[in-house]
Amino acid sequence: MIHYIGIIIAVLVGVPLLIYGVRRHRRRVWIAQHQPTPPVAVPVRTAPVSAVGTMDFTGKVAIVTGGGTGLGRCVSLSLARRGAKVVLASRNPEHLDAVAAEIKALGGEAMTYPLDVRDPAKVEEMVSKVVERFGRIDVLVNNAAGNFAIPAEKLTPNGWNAVIGIVLNGTFYCSSAVGRQMIAQGGGSIVNIVANYASSGAPGVIHSGAAKAGVLNLTRSLAVEWGRHNIRVNAFAPGAMVTASASKNLGYDTPEIQEKIRRAIPLSRLTGAEEMAEYVVFLASDQAAYITGDLMTADAGLGLPRGLMDLHSS
């Protein structure tokens, strides 16, 4: 009798304990299965404060297409002042020699190369010559351009092809040839010169608008493709510059027309190539090390919608 009582007590006590143990085990398994995965640490690369702000190009090699006049000349001189070895590429050798002399007078080093960017074989040859002399290419400024104001219905196929060939095809040929060198050496910076109408419309210069819109797309596409090679690709849209070629080709080379443009600019002034060149150099420099695929516009607000402002302006 006592034996049976012991068995009953053991069952009454043991079964609840067994059930409790099974439930506890199941709960632990459930918690393990549903517990959030610990976050994986993401490597963060930060530049020391002392390195931010540097625009020193000492020891670097920069190619500037259209480097003999206007914005290209000013970019070339600015890079040379900051220590870069500058390769001046343009169709007119006389312009190149004059700028090279200015760079040498500054104590810098310049290489000239007569080049039509529409010829891919010549572009490849130029890149080979530059690498042969300097060993690397750190900066490419695609500045070569062609433009003229004309109504769309009067634009000929030759006129269309000339601008598309220089601006869009030329930018691709140079970026492709130089980009392969930058990939091989581990990085570099490319700045493409566009216009504030590259992402909108370009009445009066539809050939240029179409070409520069293509360059803007090329810029953003290459920024993604070549980012893993430490190559930055950006675009710069300058404002209404008063230069000999731009003013004449686009029809604002008279004081009267320049005054009309000035009134349309929110900051009420036109600009010059010297001022615009500094923004280009900034994008090419290590100061812009975290910027790629970007369009920087420096037009004093000219490209912004005016809304109702014209109704209230005198």
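Which ³J(HN,Hα) values in Hz, rounded to whole numbers, follow from the phi angles of the range 292-307 under the Karplus curve 6.51 cos²θ - 1.76 cosθ + 1.60, where θ = phi - 60° and Gly and Pro get x?
8, x, 9, 10, 8, 10, 10, 10, 6, x, 4, x, 7, x, 8, x
Kindly provide the trypsin sites (Lys or Arg not before Pro) of the range 261-298 that DSSP labels as loop, not H, G, I, E or B, and whose Cβ sees at most 13 other Cβ atoms within 10 Å.
Details: sites: Arg262, Arg263, Arg269; in loops: Arg269.
Qualifying residues, ordered by number: Arg269.
Enumerate the calculated ³J(HN,Hα) couplings along the range 113-127 in order (Karplus 6.51 cos²θ - 1.76 cosθ + 1.60, θ = phi - 60°), each rounded to whole Hz, writing x wherever the residue is Gly or Pro.
3J(HN,Hα) across the range 113-127, in whole Hz: 8, x, 8, 9, 5, 6, 9, x, 5, 5, 5, 4, 5, 4, 4.
Using the per-residue mean of other Cβ atoms lying within 10 Å as a proxy for protection, in what order, highest first, do the peptides 175-186, 135-146, 276-287 fall?
Numbers: 175-186: 17.5, 135-146: 23.6, 276-287: 21.3.
Top to bottom by mean Cβ count within 10 Å: 135-146, 276-287, 175-186.
Separation of the range 201-245 and the range 87-103 by C-alpha centroid, Å?
Value for the Cα centre distance between the two parts: 24 Å.
Using a 10 Å cut-off around each Cβ, can you sort His229, His207, His95 from fewest to most neighbouring Cβ atoms?
Numbers: His229 15, His207 23, His95 20.
If I rank by nearby Cβ atoms, fewest first, I get His229, His95, His207.
Can you order the peptides 64-72, 234-242, 299-307, 198-206 by their average number of other Cβ atoms within 10 Å per residue, highest first?
Numbers: 64-72: 27.1, 234-242: 22.3, 299-307: 14.0, 198-206: 16.3.
Most protected by this proxy first, the peptides run 64-72, 234-242, 198-206, 299-307.
May I ask you to evaluate 6.51 cos²θ - 1.76 cosθ + 1.60, the Karplus curve with θ = phi - 60°, for each residue of the range 188-198 and list the ³J(HN,Hα) values in order in whole Hz, giving x for glycine and proline?
Once rounded to whole Hz, the list reads x, 9, 10, 10, 9, 8, 10, 8, 5, 9, 5.
Evaluate the relative contact order of the range 61-297 (contact order divided by residue number), counting alpha-carbon pairs under 8 angstrom at least 6 apart; express in whole percent. If you can, show how the numbers build up before the last one.
Working: 443 pairs, mean separation 46.9, N = 237.
Value for the range 61-297: 20 percent.
List the residues, sorted by chain then number, that are 5 or more residues from Asp119 or on another chain and whose placed amide H is less than 5 Å from its amide H.
none
Would you please give the residues with an amide H less than 5 Å from that of Gly188, counting only those at least 5 places away or on a separate chain, with H modeled from the backbone geometry?
Ile231, Arg232
Could you pull out every residue, at least 5 positions away or on a different chain, whose amide H is within less than 5 Å of the one on Val87? Hs are placed 1.01 Å off N in the peptide plane, and Pro or chain starts have none.
For Val87, whose amide H was placed from the backbone, the distant partners under 5 Å are Ala62, Ile63, Val64, Met111.
Over 26 Å between Cα atoms, which of Lys154/Lys212; Lys85/Lys122; Lys85/Lys212; Lys104/Lys212; Lys60/Lys129 qualify? Before the final figure, lay out the partial values.
Details: Lys154/Lys212 20 Å; Lys85/Lys122 21 Å; Lys85/Lys212 28 Å; Lys104/Lys212 33 Å; Lys60/Lys129 16 Å.
From the list (Lys154/Lys212; Lys85/Lys122; Lys85/Lys212; Lys104/Lys212; Lys60/Lys129), the Cα-Cα distance tops 26 Å for Lys85/Lys212; Lys104/Lys212.
Every number here is computed from the coordinates shown, using simple stated rules; none is lab data. Please read these numbers as outputs of a predicted model, since none were measured by experiment. Methodologically, a virtual Cβ is constructed for each residue, glycine included, from the backbone with ideal geometry; neighbour enumeration extends over all protein chains shown.
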